[in-house]
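Here, each number is a calculation from the coordinates, and none is a lab measurement. The shown structure was predicted, so the numbers you read here are calculated from the model rather than taken from an experiment. Here Cβ is always computed from backbone atoms with ideal geometry, including for glycine, and neighbour counts include all displayed protein chains.
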Amino acid sequence: MSTPLSNSPADKRVVRAAAVQIAPVFDQPGATLERVLNAVGEAADKGAQLAVFPETFVPYYPYFSFIEPPYRMGAAHLKLYAEAPVVPGPVTEALAAAARARRIVLVVGVNERDGGSLYNTQLIFDADGELRLKRRKITPTYHERMVWGQGDGAGLRCVDTAVGRLGALACWEHYNPLARYALMADGEEIHASQFPGSMVGQVFADQIDAAIRHHAAEAASFVVNSTGWLTDEQIAAISPDETHRKVLRGGCFTAIVSPEGQYLAPPLTQGEGMVVADLDLALVLKRKRMMDSVGHYARPELLSLTLDDRPAAPVRRVSSPSEPEVCDGLSSPSPEPRAADQRVAVVRSAAG
């Protein structure tokens, strides 16, 4: 695992962060990205060095999947495919250019299209425009499993950026303590958290409140959390059924939390806007002195995490050598057959 950028007790870094609460555009391809780029400029004008946007914001979160049965959401799902960005591609180029031009670190959620699948993907761009991390949500939640594929452990890591050591999780990944622990163990100083917003009602906002404050205190990291927003007109466009519309309201909770679990500015729960706060990174060590979850407060001989951080691949090729190895003029013995090969051989002989 890596270590934070600074281990000095006299850490003097102060980072201004912006958590953005914003509405997507459903009916104009490319318009949501334009909204992101405009908001990047606004955040930078406020002095922000880090801006975090909502979950799968580009082109939009698939709200349709929360209220429509699978047999009725085919057209909406295909529309999302048509507008979903590939990574890398024109969308990432535009985001990289904005980060580079305004010298700001960006965390943006996208619906990533890769072949015939969509993924809930978090992108971290450094202030020089470099795409430092592309990670996919490891387990889509409930209705989301009809929309997105599963991610892998390759993205459960932190990256060094101009603002510090940065990690990210999406939505109910914050209910997976081992996923969070992987980021803690990788020296996370600032945590980017993303939720869809405008869903479920007040209980969702309450859950976000509990989740991000707990992670901040347990990880001794700052949490910059962003949720999306839907206007009444957008909700009406998603569904004509008033019962459905009720579950597309509430659940917004955009906020910034200190390593001590305290809000650095009032959370934003209604409308569009930004929560902006200064992160005094000296507070990371101040909190860890009292409780370091992966250091003096850990008991790795009793409890530890095993992480498979290999990227998932549909095919892993294991080829046998074309010629036997030769040593002192003698061929080396053939390797022992794999257990699966042995089982196949037994089945075939029994069938014969």
> Excluding residue 283 itself, what net charge comes from residues whose Cβ is under 13 Å from its Cβ, given Lys and Arg +1 and Asp and Glu -1?
Replying inline: +1
>> Residue by residue through region 160-165, what is 3J(HN,Hα) from phi via Karplus (6.51 cos²θ - 1.76 cosθ + 1.60, θ = phi - 60°)? Round to whole Hz and write x for glycine and proline.
In response: 7, 9, 5, 9, x, 8
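Taking 0.36 nm per residue of separation and subtracting the Cα-Cα distance, what length does fully extending residue 45 through residue 152 add?
Working: separation 107, 0.36 × 107 = 38.52 nm, distance 3.62 nm.
Computed gain between residue 45 and residue 152 is 34.9 nm.
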>> Around residue 55, under 11 Å between beta carbons, what's the net of Lys plus Arg minus Asp minus Glu among the other residues?
In response: -1
> Which of the lysines could be linked to residue 288 by a straight reach, that is with a Cα gap under 18 Å, when you skip same-chain ones fewer than 8 residues away?
Replying inline: 12
> What does the charge add up to near residue 136, with Lys and Arg as +1, Asp and Glu as -1, over the other residues with Cβ less than 11 Å from its Cβ?
Replying inline: -1
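Sorted by packing (mean other beta-carbon atoms within 10 Å per residue), highest first, where do 187-199, 158-170 land?
187-199, 158-170
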> Tell me, what ³J(HN,Hα) does each residue in region 179-185 have, in order and in whole Hz, if you take phi through Karplus 6.51 cos²θ - 1.76 cosθ + 1.60 with θ = phi - 60° and put x for Gly and Pro?
Replying inline: 5, 5, 5, 4, 6, 4, 5
> Tell me, what are the semi-axes, in whole angstrom and largest first, of the equivalent ellipsoid of region 143-220 as set by the roots of 5 times the Cα gyration tensor eigenvalues?
Replying inline: 22, 16, 11
> When the Karplus curve 6.51 cos²θ - 1.76 cosθ + 1.60 is applied with θ = phi - 60°, which whole-Hz ³J(HN,Hα) does each residue of region 202-215 get, with x for Gly and Pro?
Replying inline: 4, 4, 5, 4, 4, 5, 4, 3, 5, 5, 6, 5, 5, 5
> Using a ≥ b ≥ c from the Cα gyration tensor of region 215-320 (square roots of the eigenvalues), is it rounded, prolate or oblate, where a/c under 1.5 gives rounded and otherwise the larger of a/b and b/c decides, a/b for prolate?
Replying inline: oblate
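Can you give me the Kirkwood hydrodynamic radius for the chain, using every pair of distinct Cα atoms, in Å to one decimal?
Numbers: mean 1/r = 0.0459 Å⁻¹.
Hydrodynamic radius (Kirkwood, Cα only) of the chain equals 21.8 Å.
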>> Can you give me the angle between helix 339-351 and the longest principal axis of the chain, using Cα atoms only, in degrees from 0 to 90, rounded to the nearest 10?
In response: 60
> Can you list the residues, at least 5 places off or on another chain, whose amide H is less than 5 Å from the amide H of residue 279, using H built in the peptide plane?
Replying inline: 15, 16, 17
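Pull up the DSSP beta bridges for region 70-199 and report the antiparallel fraction as a percent, rounded to 5.
75
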> residue 132's amide H: which non-local residues (gap 5+, or another chain) put their own amide H closer than 5 Å, with H modeled 1.01 Å from N in plane and none for Pro or chain starts?
Replying inline: 124, 125, 126
> Each label point is 7 Å from the Cα along the Cα-to-Cβ direction; what then is the distance between the points at residue 71 and residue 25, in nm?
Replying inline: 3.7
>> For the chain, give me the percentage of DSSP beta bridges that are antiparallel, rounded to the nearest 5 percent.
In response: 65
